[in-house]
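*Asks:* The structure under discussion is supplied below as structure tokens; questions concerning it will follow.
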Amino acid sequence: MYSQKPDSTNDIRSADDGSLRSPRACPRLIDDNEVEDPGEQPSSGDGVRNGLPTRSAFPRFMQLPPELRHQIWHFYCPDLSVKARVLEFTFQEGEAPSDGSDDYDPDFLIDGWTLASQTKSLRGMLSTHHESRSIALRIYPDELALDMGPRGAIVRFRKESDVVSMNLALDMYIPPDFATQVQNLAIEKVWGYYDEAGGSFFNAEMVELVPMLRDMFPNVKRLYNLWPVKTDPTCSVGHWCVTEYAHKYEYMFKRCDIGTGIEEGRRFLYCWPDLDAHPDYARRKSSKVEKLFHPEQEEEFGLETWSMLSFESDECFRIYDRMRRLYLNTHSVTTGDDEDSPD
């Protein structure tokens, strides 16, 4: 567990974190660098910090009460208050051999296209001041290390609750320092079928992947199958995702249009069972939370397997909002009904 109590101390450990540059667009993903001495007063003028323009500084910020500073940091970085996040990674094709042989390099792991935008405020916390860095490191003490060249790259996360999401490549390389940190893993959908009892389970191809995933991620405890919600009827999604018994991680992906210079935003929402706070709810048949495998297979694999839903379009969010209103209206009428109660 971690504490979110205000902490005014500036005595924090150092971290040797690099800068991630994707071979595709070379964005600066990781700003997790050591910050200047807290006794130094920042300049009162505008300037550039970590490659980003900065506004005028507020030298008297540290004179504010610790509780107020703590609230300001949390307002600036919403990730400090969320229970769990979904961090997306992907693979880039390895380079073709220069000698014309068939000995291709394996696909290597890189940041997903939304990760830089998604982690911007947290990286700001890590590089602004010793106090903000201390708060961020206390809440996100763990590291995902990417092998992106001589400097490497570090993504801060909380391995007990954060979910690492990625697609699967036929020939892929995942750095060991990355793989050993992953406890919650989400992979993209593999088409499934319905068994005679009406439960949704996945095909044999997924079963064959699990031993490979266990070897690659030796400490994984929960495996999620990521289902992007399209414009399917509400009944095909499952009402569990709108209940208070599910994790909901939402963020706005922002990017600047090169032509117009206008910042554009795209909303993302991930839902998956909150198995730590409500361990019994998802396991009830009435919850209709889709499983990847039968219980006997889960016991054999030594990990839990669950579904995760992602909402990415306006139509999908209309579906979600409609389901949420229906769920709340139903519960307001049947307050005494314990059908969906986790206890």
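The values are calculated or read from the model by the stated rules, or taken from the named source; none is laboratory data. Just so it is clear, the structure is predicted and the values come from calculations on it, not from any experiment. Positions of Cβ are backbone-derived with ideal geometry, glycine not excepted, and every protein chain shown enters the neighbour counts.
*Asks:* Write out, first by first residue and then by second, each pair whose Cβ atoms fall under 8 Å of each other, whose residues are 6+ apart or on separate chains, and whose first residue, in the range 260-282, is closer than 14 Å to residue 228 by Cβ while the second is of a type in the set (Val, Ile, Thr) and exposed (fewer than 13 other Cβ atoms within 10 Å of the Cβ).
*Replies:* Close Cβ pairs satisfying both conditions: none exist.
This table checks each residue for (1) outside the structural domain of residue 255 (by TED's automatic domain parsing); (2) touching a Phe, Trp or Tyr at 6+ places or on another chain (Cβ under 9 Å); (3) farther than 27 Å from residue 214 by Cα; (4) modelled with pLDDT of 95 or more.
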residue: 117; (1), (2), (3), (4): yes, yes, yes, no
residue: 127; (1), (2), (3), (4): yes, no, yes, no
residue: 137; (1), (2), (3), (4): yes, no, yes, yes
residue: 146; (1), (2), (3), (4): yes, yes, no, no
residue: 154; (1), (2), (3), (4): yes, no, no, no
residue: 164; (1), (2), (3), (4): yes, yes, no, yes
residue: 173; (1), (2), (3), (4): yes, yes, no, no
residue: 189; (1), (2), (3), (4): no, yes, no, no
residue: 197; (1), (2), (3), (4): no, no, yes, no
